[in-house]
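One structure is given below, encoded as structure tokens.
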Amino acid sequence: MNTITKRLLHYLLLAVTLVGIPFVCCVVGGKDETLELVKTIAPVTENWGSMPEKLWNCRCPFNWGLFWLMAAFLAVTVTPFALRLWKAVWRKGEASAAKGRFPWWGWVALAVMIVGWVLAWTRFEWFAAFQRYPYVIHWGGFIVLVNALCVKRCGRSPLTHHTGPFLLTFPASVLFWWFFEYLNRYVWNWYYVGVPGISATEYVLFASLCFSSVLPGVTSVAAWLGTFECFSDDVCAGMAKVNVRSGTSLAVMSVLSLVGLTGIVFCPQFTYPLLWISPLMVFVLVQVALKEPCVLDTLATGNWSLVIRFAFASLICGLTWETWNYYSMAKWIYAVPYVHRFQVWEMPLLGFGGYLPFGMECAAVAAWISPKLIKLLKEEKA
């Protein structure tokens, strides 16, 4: 089987699984109301804030027990890696980081980002007709700016040295995030406001343009983090070994995928966290079935460095997304069952935990486009 055929088969299997399982469950389970929203291209959610029957945080009020249970799980999961990074910061410092010149186009990107940010958070009368759209301005500036920071630190960046594969992350990002939008139609953990009266065509085009920034953004930040010694490939080596190709691992991933993709239909108030895990599990299962390399293969040797770098990159992008979203006209709002409290901007505090596995999904897709996109830039230079 040649590479192109294998890629097409991979995407077909991924699409059929992620789209088909919840859809079939919805049909078989008689979830007609849910199915109607799933099939609606441009759902009208503008007034959901005044419709508590639509919002999970109203239907499933805050629960301290579930909050602390989820918080404890996140703490136990994250603490060993956080300690490794903290020790690495003190042990390694920044001595090995090459200091170059900041490229001129980085200053242009910074200016574009600031302009986009100002336009998003203000309401200039002369800009009223375009007030929905500044997202692509400041995120475009941000992505180029981060690549400029990579160039300053190590003389290389995904944009300048892996231009072709990096540019492919933009269209790939559109398809990538539409999967999550589709899965969210079953759980409605977030919904959009500030886009009243938009047609289905406008919705798809505008949304796709915005979604195109997700994967390039996380990939760029991960590359920048990789220029710091505390994110070197040996920092999180020697940890727990997990062979994702073993029978046990395949069984666990299969169960998590199945529970996640069926649970978001039948009991979304409890299984919604798996929305951020199931796609990664399915992606890895397809790679194993097609005998393709997988970004999680390094876990078999106990090296979690790549996982942590992309998890932190996703978290940084997440904080940036949530910041710019808050005062924008076209924005998303969250409705999370049982743990919707202590919001940072619009995001409930524990919701940021979802960005950690999401980073690995970004790494998996980036590596699928080109393994060069997930490698450390400073090692390539060496």
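The values are calculated or read from the model by the stated rules, or taken from the named source; none is laboratory data. In this text, all values refer to a predicted model and were calculated from it rather than measured experimentally. Glycine gets a Cβ as well: all are built from the backbone with ideal geometry, and neighbour counts include every protein chain shown.
Select from region 179-201 the residues that are exposed (fewer than 15 other Cβ atoms within 10 Å of the Cβ) and closer than 14 Å to I333 by Cβ and list them in ascending order.
G194, the sole residue that qualifies.
Looking only at region 97-105, decide whether some residue is within 30 Å of P348 (Cβ to Cβ), at pLDDT below 95, surrounded by 13 or more Cβ atoms within 10 Å (Cβ to Cβ) and of a type in the set (A, V, I, L, M). Steps first, answer last, please.
Initially, region 97-105 is screened for residues within 30 Å of P348 (Cβ to Cβ), giving none.
For region 97-105, residues within 30 Å of P348 (Cβ to Cβ), at pLDDT below 95, surrounded by 13 or more Cβ atoms within 10 Å (Cβ to Cβ) and of a type in the set (A, V, I, L, M): absent.
May I ask you to list the residues in region 330-348 that are aromatic (F, W, Y) and crowded, with 20+ Cβ neighbours inside 10 Å?
Start the filter on region 330-348 by keeping residues that are aromatic (F, W, Y), which leaves 332, 334, 338, 342, 345.
Of everything in region 330-348, just one residue is aromatic (F, W, Y) and crowded, with 20+ Cβ neighbours inside 10 Å, namely Y338.
Could you tell me which of the residues L110, L159, L183, L83 is under 25 Å from G49 (Cα atoms) and not in a loop (DSSP other than H, G, I, E, B)?
Numbers: L110 fails: under 25 Å from G49 (Cα atoms); L159 fails: under 25 Å from G49 (Cα atoms); L83 fails: under 25 Å from G49 (Cα atoms).
When all the criteria are applied, what remains is L183.
Scan region 150-171 for residues that are touching a residue at least 12 places away in the same chain (Cβ under 8 Å) and either within 22 Å of F102 (Cα to Cα) or surrounded by 20 or more Cβ atoms within 10 Å (Cβ to Cβ) (or both) and report the count.
Total satisfying the criteria: 15.
Return yes when V193 is farther than 30 Å from W224 by Cα and modelled with pLDDT of 95 or more and no when it is not. Let's see the steps before the verdict.
Details: farther than 30 Å from W224 by Cα: yes; modelled with pLDDT of 95 or more: yes.
Yes.
Tally time: how many residues in region 36-63 are hydrophobic (A, V, I, L, M, F, W, C) and surrounded by fewer than 18 Cβ atoms within 10 Å (Cβ to Cβ)?
The qualifying residues number 7.
Going by the conditions given, is Y272 in contact (Cβ under 8 Å) with a residue 24 or more places away in the chain and either exposed (fewer than 15 other Cβ atoms within 10 Å of the Cβ) or in contact with a Leu (Cβ under 7 Å, 6 or more places away or on another chain) (or both)?
Judged against the criteria, Y272 is not a match.
In region 280-291, is there at least one residue being surrounded by fewer than 21 Cβ atoms within 10 Å (Cβ to Cβ), touching a residue at least 60 places away in the same chain (Cβ under 8 Å) and either farther than 26 Å from A207 by Cβ or among the small types (G, A, S) (or both)?
Checked region 280-291: at least one residue is surrounded by fewer than 21 Cβ atoms within 10 Å (Cβ to Cβ), touching a residue at least 60 places away in the same chain (Cβ under 8 Å) and either farther than 26 Å from A207 by Cβ or among the small types (G, A, S) (or both).
Scan region 135-186 residue by residue and report those that are charged (D, E, K, R) and under 14 Å from the mean Cα position of the chain (by Cα). Give the derivation first.
Step one: list which residues in region 135-186 are charged (D, E, K, R), which gives 152-153, 156, 181, 185.
Residue satisfying the conditions is E181 alone.
Is at least one residue of region 49-56 over 23 Å from W190 (Cα atoms) and either free of Cβ contacts under 8 Å to residues at least 60 places away in the same chain or in a helix (DSSP H, G or I) (or both)? First the steps, then the outcome.
As a first pass, look at region 49-56 and keep what is over 23 Å from W190 (Cα atoms): none.
Within region 49-56, none of the residues are over 23 Å from W190 (Cα atoms) and either free of Cβ contacts under 8 Å to residues at least 60 places away in the same chain or in a helix (DSSP H, G or I) (or both).
Which of the residues belonging to region 113-131 are surrounded by 18 or more Cβ atoms within 10 Å (Cβ to Cβ) and touching a residue at least 40 places away in the same chain (Cβ under 8 Å)?
Step one: filter region 113-131 for residues surrounded by 18 or more Cβ atoms within 10 Å (Cβ to Cβ), giving 113, 116-117, 119-120.
The answer is W117, A120.
Residues in region 218-225: is at least one over 13 Å from I143 (Cα atoms) and either surrounded by fewer than 18 Cβ atoms within 10 Å (Cβ to Cβ) or in contact with a His (Cβ under 6 Å, 6 or more places away or on another chain) (or both)?
Our first condition is that a residue be over 13 Å from I143 (Cα atoms); within region 218-225, this holds for 225.
Narrowing further to those that are either surrounded by fewer than 18 Cβ atoms within 10 Å (Cβ to Cβ) or in contact with a His (Cβ under 6 Å, 6 or more places away or on another chain) (or both): none.
Looking through region 218-225, none of the residues is over 13 Å from I143 (Cα atoms) and either surrounded by fewer than 18 Cβ atoms within 10 Å (Cβ to Cβ) or in contact with a His (Cβ under 6 Å, 6 or more places away or on another chain) (or both).
Can you say whether V76 is out of contact with any strand residue (DSSP E or B) (no Cβ under 8 Å at 6 or more places or on another chain), under 24 Å from Y338 (Cα atoms) and β-branched (V, I, T), as far as the supplied structure shows?
On the way: out of contact with any strand residue (DSSP E or B) (no Cβ under 8 Å at 6 or more places or on another chain): yes; under 24 Å from Y338 (Cα atoms): yes; β-branched (V, I, T): yes.
Criteria met by V76.
Checking S314 against (1) at negative phi; (2) surrounded by fewer than 16 Cβ atoms within 10 Å (Cβ to Cβ): exactly one of these is not met. Which one?
(2)
Among the polar types (S, T, N, Q), part of a helix (DSSP H, G or I), out of contact with any strand residue (DSSP E or B) (no Cβ under 6 Å at 6 or more places or on another chain) and over 23 Å from F142 (Cα atoms): does that describe N243?
Values: among the polar types (S, T, N, Q): yes; part of a helix (DSSP H, G or I): no; out of contact with any strand residue (DSSP E or B) (no Cβ under 6 Å at 6 or more places or on another chain): yes; over 23 Å from F142 (Cα atoms): yes.
For N243, the condition - among the polar types (S, T, N, Q), part of a helix (DSSP H, G or I), out of contact with any strand residue (DSSP E or B) (no Cβ under 6 Å at 6 or more places or on another chain) and over 23 Å from F142 (Cα atoms) - is not met.
Being among the small types (G, A, S) and under 11 Å from the mean Cα position of the chain (by Cα) is the filter here, so list the residues in region 309-336 that pass it. Don't jump to the end; show me each part of the working.
Step one: list which residues in region 309-336 are among the small types (G, A, S), which gives 311, 313-314, 318, 328, 330, 335.
Residues satisfying the conditions are A311, A313, S314, G318.
Restricting attention to region 353-366, does a residue exist that is surrounded by 21 or more Cβ atoms within 10 Å (Cβ to Cβ), touching a Leu at 6+ places or on another chain (Cβ under 7 Å) and over 30 Å from F270 (Cβ atoms)?
yes
Within region 187-211, can you find the residues that are more than 19 Å from the chain's Cα centre (by Cα) and assigned to a strand (DSSP E or B)?
Selection gives V193 alone.
So L296 fits all but one of (1) surrounded by fewer than 20 Cβ atoms within 10 Å (Cβ to Cβ); (2) more than 17 Å from A71 (Cβ to Cβ); (3) in contact (Cβ under 8 Å) with a residue 12 or more places away in the chain; (4) not acidic (D, E); what number is the exception?
The one condition L296 does not meet is (1).
Looking at G30, G20, which one is under 23 Å from G263 (Cβ atoms) and not in a helix (DSSP H, G or I)?
Numbers: G20 fails: not in a helix (DSSP H, G or I).
Only one candidate passes the filter, namely G30.
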